[in-house]
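Take a look at the structure set out below.
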Amino acid sequence: MDIAGPQPRNMLQNELAIVEHLLNLLIHRMILLDDLEAPQEVLDFFEECIIIAERIWIVGNEPLTRNGLDVLLNLYRAFFPRYDRLILIDVELMDILNNN
């Protein structure tokens with residue numbers, strides 16, 4: 001008989017905190033951009049990043065599974081190049097808005 005207790009997670013607590021922080025930043029930026037009537041492509045891009053970040057956070061909170069870490073690694077690989085691009089878009093967009 002297995003003893004019920006805390007299960008190891010797919011991600012460590014500090015990693016989950018980082019993803020949660022990134023997710024909150026993305027959502028905040030998305031709200032700001034929506035108010036500024038940003039181009040639809042930028043909003044779609046933010047939305048895609050948010051969806052991937054949410055998936056990382058959800059899978060990271062799940063109990064450790066045989067393929068859970070593989071799923072997380074694939075999501076990380078999908079997310080971080082987009083996040084890097086998002087930062088560049090964000091900086092460019094803020095420059096454009098500040099110059100107008």
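Quick check on my filter: what residues within segment 64-100 are assigned to a helix (DSSP H, G or I), touching a residue at least 12 places away in the same chain (Cβ under 8 Å) and over 20 Å from E41 (Cβ atoms)? Give the steps one after another, and end with the answer.
As a first pass, look at segment 64-100 and keep what is assigned to a helix (DSSP H, G or I): 68-99.
Checking the rest, the ones that are also touching a residue at least 12 places away in the same chain (Cβ under 8 Å) come to 68-69, 71-72, 75-76, 78-79, 82-83, 85-86, 89-90, 93, 97.
Passing the criteria: G68, L69, V71, L72, L75, Y76.
Being at pLDDT below 85, in a helix (DSSP H, G or I) and of a type in the set (A, V, I, L, M) is the requirement here; does L32 meet it?
yes
Which of the residues belonging to segment 9-27 are within 15 Å of L75 (Cα to Cα) and without any contact (Cβ under 8 Å) to a residue 60 or more places away in the chain? I'd like the intermediate steps shown before the answer.
Within segment 9-27, the first condition is being within 15 Å of L75 (Cα to Cα), and the residues that meet it are 10-11, 15-16, 18-20, 22-23.
If the condition is that a residue be within 15 Å of L75 (Cα to Cα) and without any contact (Cβ under 8 Å) to a residue 60 or more places away in the chain, then E15, L16, I18, V19, E20, L23 are the ones that fit.
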How many residues of segment 41-61 are charged (D, E, K, R) and over 23 Å from Q7 (Cβ atoms)? The answer is 4
Answer yes if at least one residue in segment 45-61 is hydrophobic (A, V, I, L, M, F, W, C), surrounded by 18 or more Cβ atoms within 10 Å (Cβ to Cβ) and not in a helix (DSSP H, G or I), and no otherwise.
no
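Can you spot a residue in segment 89-96 that is closer than 17 Å to L12 by Cα and either modelled with pLDDT under 90 or not hydroxyl-bearing (S, T, Y) (or both)? Full working, then the answer.
Initially, segment 89-96 is screened for residues closer than 17 Å to L12 by Cα, giving none.
No, segment 89-96 has no match at all.
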For segment 36-44, check the following and say yes or no: at least one residue is at positive phi and either surrounded by 15 or more Cβ atoms within 10 Å (Cβ to Cβ) or at pLDDT below 80 (or both). yes
Subset of segment 52-100, residues within 15 Å of L25 (Cα to Cα) and of a type in the set (D, E), comes to E54, D84, D90
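State yes or no: is N14 modelled with pLDDT of 90 or more, exposed (fewer than 10 other Cβ atoms within 10 Å of the Cβ) and either touching a strand residue (DSSP E or B) at 6+ places or on another chain (Cβ under 8 Å) or not aliphatic (A, V, I, L, M) (or both)?
Values: modelled with pLDDT of 90 or more: yes; exposed (fewer than 10 other Cβ atoms within 10 Å of the Cβ): yes; either touching a strand residue (DSSP E or B) at 6+ places or on another chain (Cβ under 8 Å) or not aliphatic (A, V, I, L, M) (or both): yes.
Considered against the rule, which asks whether it is modelled with pLDDT of 90 or more, exposed (fewer than 10 other Cβ atoms within 10 Å of the Cβ) and either touching a strand residue (DSSP E or B) at 6+ places or on another chain (Cβ under 8 Å) or not aliphatic (A, V, I, L, M) (or both), N14 comes out as yes.
The values are calculated or read from the model by the stated rules, or taken from the named source; none is laboratory data. These numbers come from a predicted model, not from an experiment. Cβ sites come from the backbone with ideal geometry, for glycine too, and all protein chains shown count toward neighbours.
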